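Visitor: I'd like to ask some things about the structure below.
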Amino acid sequence: MTGDFRDTIRTAASALGFDVCRFASASEPWSAGERLAHFVEAGRHGDMGWMETTLERRAHPTAMWDGARTAIVLGLNYGPGHDPLPEMADPGAGYISVYARGDDYHEVIKGRLKTLAGQVAARTGQDVKVFVDTAPLMEKPLAQRAGLGWQGKHTNLLSRDHGNWLFLGVILSAAEIAPDAPETEHCGSCTACLDACPTQAFPAPFQLDARRCLSYLTIEFAGPWPVEFRTATGSRIYGCDDCLAVCPWNKFASEAHEGRVKAREALVSPRLADLATLDDAAFRALFSKSPVKRIGRDRFVRNVLYAIGNSGDPALVSVIEPLLVDPAPVVRGSAVWALSRLLAPEAFALLALHHADDEDASVRNEWELPNADT
């Protein structure tokens, strides 16, 4: 199937709100599986054990579904319309990644994908499956093969038309549909994304060590962070946009037109003092329909407390102290670290006399860390 059919599907995709729709072979060989295997073998996936257990299925689209012949790759622009990084200049505010400021993109995209997939199945008479970042399918290599963009030196998908701000969805079809031309890499000698990383998470261009990535630490990592990364997070409390936002290709990006992925006012520069007081019910209410909700209140407040520790504002001590008796050890431990950054050594030592016998070993370890700038 060629020309007219693809144009019909592109028109339908546009009517559903997608900004780009392109086609790629899902059955031809590729090197992405080998690169992923090296990534996991080196341990750079950190605690994301699901990447290892699903490695064989991730290696190629046909490893997950042997009937896959064509990938229809859809992109939805979520551009912020401005450079978000200056927001971090306010030490009393938390920074939430641009992608997570609106409704959960999985929910925004999935229903539309199913609608479009139904039309593809009706036209081709062949089976289809839809994917939005929740199954063992490598969308970014497929997107490059389909010509939506290329994986930049920061390993994220980068588009000449939308910069770094594209949500991806994929329809796999058992039908043979003529592919579009793939995109080639256009990073050239630029290293802006690599240079901007607060934790030097890129061991080389086009390689990521997730264990050092603030997006991984704030979202995927469940326990107390390695101390070396806590000050580096600054005010970032969910995700990190530094490598994305500094890319020169963003000059061609535009603001998102889809209202559900645009930022909610409450999630742009929220006050750390307010976020630290969230109980589970208030957390769920604030982040209703948001991707932030999936990490849970305890992990989120841990992130907030690291940001408070970096704020340099002693007035926030009164916000932290009640959390020393929080039911969650990870919250108690991060509260200890935040206090160690904001209190004078003598005051911190006095407080330790009353709390250093915490029943959880990880919290006791926090009281024993050297004070402040470790």
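Values quoted throughout were computed directly from the atomic coordinates according to the rules given, and no laboratory measurement underlies them. It should be emphasised that the depicted structure is a prediction, and the values quoted were computed from it without experimental measurement. Glycine also receives a Cβ, built like all others from the backbone with ideal geometry; neighbour counts cover every protein chain displayed.
Visitor: Pick from region 172-196 the residues that are closer than 20 Å to SER159 by Cα and of a type in the set (A, V, I, L, M, F, W, C): which of them is surrounded by the most Cβ atoms within 10 Å (Cβ to Cβ)?
Guide: Of everything passing the filter in region 172-196, CYS193 is surrounded by the most Cβ atoms within 10 Å (Cβ to Cβ).
Visitor: Let me ask something else. Taking region 166-181 on its own, how many of its residues are under 30 Å from ASP241 (Cβ atoms), touching a helix residue (DSSP H, G or I) at 6+ places or on another chain (Cβ under 7 Å) and not in a strand (DSSP E or B)?
Guide: Here the count works out to 1.
Visitor: Tell me whether region 85-98 contains one or more residues that are touching a helix residue (DSSP H, G or I) at 6+ places or on another chain (Cβ under 6 Å), in a helix (DSSP H, G or I), within 24 Å of ARG299 (Cα to Cα) and not small (Gly, Ala, Ser).
Guide: Yes.
Visitor: Next question, about the same structure. Given (1) in a loop (DSSP other than H, G, I, E, B); (2) over 30 Å from VAL246 (Cα atoms); (3) among the small types (Gly, Ala, Ser), identify the lone condition not met by GLY111.
Guide: The one condition GLY111 does not meet is (1).
Visitor: Please go through region 1-41 and pick out each residue that is without any contact (Cβ under 8 Å) to a residue 12 or more places away in the chain, farther than 18 Å from PRO182 by Cβ and in a loop (DSSP other than H, G, I, E, B).
Guide: None - no residue of region 1-41 is without any contact (Cβ under 8 Å) to a residue 12 or more places away in the chain, farther than 18 Å from PRO182 by Cβ and in a loop (DSSP other than H, G, I, E, B), so the list stays empty.
Visitor: Taking the conditions exactly as written (out of contact with any strand residue (DSSP E or B) (no Cβ under 6 Å at 6 or more places or on another chain), small (Gly, Ala, Ser), in contact (Cβ under 8 Å) with a residue 40 or more places away in the chain and exposed (fewer than 15 other Cβ atoms within 10 Å of the Cβ)), does GLY102 satisfy them or not?
Guide: So GLY102 fails the test.
Visitor: Which of the residues that make up region 212-262 are in a loop (DSSP other than H, G, I, E, B), free of Cβ contacts under 8 Å to residues at least 40 places away in the same chain and touching a Ser or Thr at 6+ places or on another chain (Cβ under 9 Å)?
Guide: Within region 212-262, CYS213, ALA232 meet the criteria.
Visitor: What number of residues within region 27-56 satisfy the criterion of being surrounded by 15 or more Cβ atoms within 10 Å (Cβ to Cβ), within 14 Å of PRO136 (Cβ to Cβ) and more than 22 Å from the chain's Cα centre (by Cα)?
Guide: 0
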